[in-house]
Structures are given as structure tokens and as C-alpha cells.
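These notes concern the structure reproduced below.
Each reported figure results from applying straightforward, stated rules to the coordinates on display, with no laboratory input. This is a predicted model, so every value here is computed, not measured. Ideal geometry is used to build each Cβ from the backbone, glycine not excepted, and the neighbour counts take in all protein chains shown.
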Amino acid sequence: MNEKAFVDCITFSGSTVATFEGQRQYLSTGALKGNVIDYAELEEIAFATKPSRANLNVRVGDILFAKMQNTIKVLEISDETKDLIVSTGFFVVRPQANVDSEFILQYLNSSEFNTQKDKYCSGATQKAINNAGLKNIEIPQFDIDTQRQIGNVLKLAIQAKSIRNEQIDVIHKLEQDLFLSMFGEPIKNTMNWSVLPLSEIAKLERGRFSPRPRNDPKYYNGDYPFVQTGDINGCDHRLSNYSQTLNELGIRVSKEFPVGTILIALVGATVGATAILMRNVYAPDSAIGITVDPEKCSNIFLEMQLRFWRKWLLDYAPDAARANINLEILSPLKVIVPPLPLQQEFEEKMKKLEELKAQLRSSLVELETTYKSTLQKAFNGELFQ
């Protein structure tokens, strides 16, 4: 299959930011999650105080992609995003007249492009690709009609994934609405339920991992799941996956929590994140395990209630870099305690919603697999053979 230089298919875009009045929104590389903007992470900036990296204007039809190694972040600028200032950590490009925009967009997401990009990244600390490195990257050469076919097929695959994610988001909203309809707003206790300190309906125990340095390899790579606050924050409130394991030596210096325990993160940007354990795990002192008294409370009800407390906990520890809460803060937390049968009714409804989410997630995994396979075939010239 013939190839040509990627830089021969695009022109560089993105003008330098000139003086402006008031504030504008700034898209950092961290605020772009894959192909989606996290609008909560957009920054309002003034010209006089803007970060030095906030220095690129964009226009409709521009395509951004991150320069950093091992990072896939790609976005096409639309009417909705054309007024953003974007980071110089992005390249801003426009497809040339004889190149399909969707084809370029999908190529930037492909392993074919990103393997080449990572190969030509340079730098002493955080490696990234520069203009010289970009000139080494090649792209498969197709006629414009084939480019459009490839772009359209891959766009449909992405849209299917987007629909599944939107459906999962709807379930998240339904969970919150279900709680509010049955119990009202828990912090203000709008339905005047009985209130008890958290420590009176549950046992609170801090996790443990005492060795220093924490990354000493002699404690790791065994048979025992060891979770971190990132695992708690990233699991959608039901924790079964884990990123590390401990060995026999490691579990002697850690704390195990059983299935059904609610874990809550204590530090950093993950403060207040909660998850119910779907398997036994070990956890460090950056998490607290909450074991409810089943005669007083449902763990599913309590975990959902604690989600409403997260903003309060984050505000209590406002510096995200050093934020910290502890047993002394959590133990007296005043939680609502409706009658147990009503909590159990809520639990059964939540289980049905969780089953539906599990089905949607399984479908999303299949769609992601199909998309990656199609992406590979497309840029290997196999899609329309």
C-alpha cells in the first residue's frame, strides 16, 4: 500500500492569542479526555494572568491532537468550541483540500499513527513530538472517495459508542433521581428522617500499608488485590478491578476489607469517592472501609447517600493537591436513617439499575473492540477488500 508524508496532507493552523478583554475558556491537555472535553476542567482565564501554554486560537474545522508521548487526545473544533483558547501542548492542523477531514480525524486516533508518533517523540522529561518528528510520520494513501468511506464507517462506530455512554449516563441520573424521590436531599434532610452519626450505623476502619518507601517491590506482585484511591474513583461505585497486587509479605503490612464494604477515598482530588467492594481487597491508609450494621442500614443505600456528601467533603478539604479527610471527620457525619424496609426497597431497585448498566457496559466493550478492529483494517487497506 502506498503511503505519503502526514504533513503533506495537512496545514498547520492555530494563531497566537492576542490581547483580549474579560475572560475566555482555556482547554488544557488535561481537560480533553480522549475525544471528549471535560467541561468541569475548562478554566476561565484573563489575558494578564493566563498560563503561558494558553496561547492558541482555533476555528471551525481545525483538528487538535496532543503532542505528548503515549497520549491519544484528538478533537475537531466545532461552532460550540471555536472560541476556546487551547494549549500549546496540542498541534492544531487542518486537512488540505484533497483530504477528507473525518479520515484525518480517525487516523489520529489509530494505533498506526500513534505508534509512529511515540517513536519520534523526544525530550528529557515529558517526551513529546515536535515539528521535525511529525515530518517522519506517514499516512496510507487512498483516493478521496475511499477516504470518505473509511471516515464515515469509523464515524458511525464512534457514534454507536457515544450512544452507549449516553445511556449509561442516563442510568446514573436515574439512580440519583430515585434516591431523591424516595428520601429527599440527605444533607438538608428535606423529608425529616431520623439522623445518626455515621459511626453509630457502621464500623469505620482505616486501611493500612506501613512500609516506606511505599513502592518497595518486595511487597508486590502476588495473589492479593491491592486497591488505590484511583481504583475507587474510577470504578463507578462498584469495585471489582484493581491495578496492583500484594504478595504474602505485603498482606502482613496491609489491611483487608471484605465484599460489601464501602471504601471511601481520603486524599487528593479523589476525596470522598466511594465504592462498594465486589471482592475482598487490601487497601492503604488513604482509604477508609465502612462496614454497615445490617440491622440499621443497607450498604447500597448508605453508599448512594455518601455520594451526596462528596462535594461537602471536597469543600472541607479544598486544596486538591493536599486535600485530606480522616476518621475524625467521617465518624460524626450526620446521615439520614429511614426505616430499613424502605432502604431495602431502594436497594432492590438499585440492583436492577446496576444490572442494566452492566449490560450496557458489556455492549460498550464489544463496540470498542469492533471500533479498534475496524480502525486497524481501515488503515491497513483491508476494510474494502
Checklist outcome for this item: Quarter of the surface of the C-alpha convex hull for the stretch 65-176, i.e. direction-averaged projected area in nm², equals 9.6 nm²
Next on the checklist: Given the options ILE158, GLN126, ASN114, identify the residue whose Cα lies farthest towards the positive end of the charge dipole of the chain (+1 on Cβ of Lys, Arg; -1 on Cβ of Asp, Glu).
Outcome noted: GLN126
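With the cut-off at 21 Å, tell me which of the pairs LYS33/LYS82; LYS203/LYS334; LYS82/LYS372; LYS73/LYS117 have Cα atoms farther apart than that.
Too far apart for the 21 Å limit: LYS82/LYS372.
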Item to check | ALA269-ALA18 pseudo-label distance in nm [points 7 Å out on the Cα-to-Cβ vector] | outcome: 3.4 nm
Item to check | Least to most buried among TYR316, TYR219, TYR242 (fewest other Cβ within 10 Å first) | outcome: TYR316, TYR242, TYR219
Checklist entry - Which of the lysines could a cross-linker bridge to LYS351, judged by Cα under 16 Å and excluding same-chain residues fewer than eight apart? => result LYS173
Next on the checklist: Give the aspartates and glutamates whose C-alpha is closer than 12 Å to that of LYS161, dropping any in the same chain fewer than 8 places away, or say none.
Outcome noted: GLU366, GLU368
Next on the checklist: Given points 7 Å out from each Cα along the Cα-Cβ axis, report the ASN247 to ARG214 separation in nanometres with one decimal.
Outcome noted: 2.1 nm
Checklist entry - Taking K and R as +1 and D and E as -1, what net charge do the other residues with C-beta under 15 Å from the C-beta of SER122 add up to? => result +4
Checklist entry - Near LYS173, within a Cβ-to-Cβ distance under 14 Å, what is the net charge of the other residues, with Lys and Arg +1 and Asp and Glu -1? => result -3
Checklist entry - So for the stretch 3-140, Kirkwood radius off the Cα pairs, Stokes-Einstein at 10 °C and 1.306 mPa s: how many µm² s⁻¹? => result 103 µm²/s
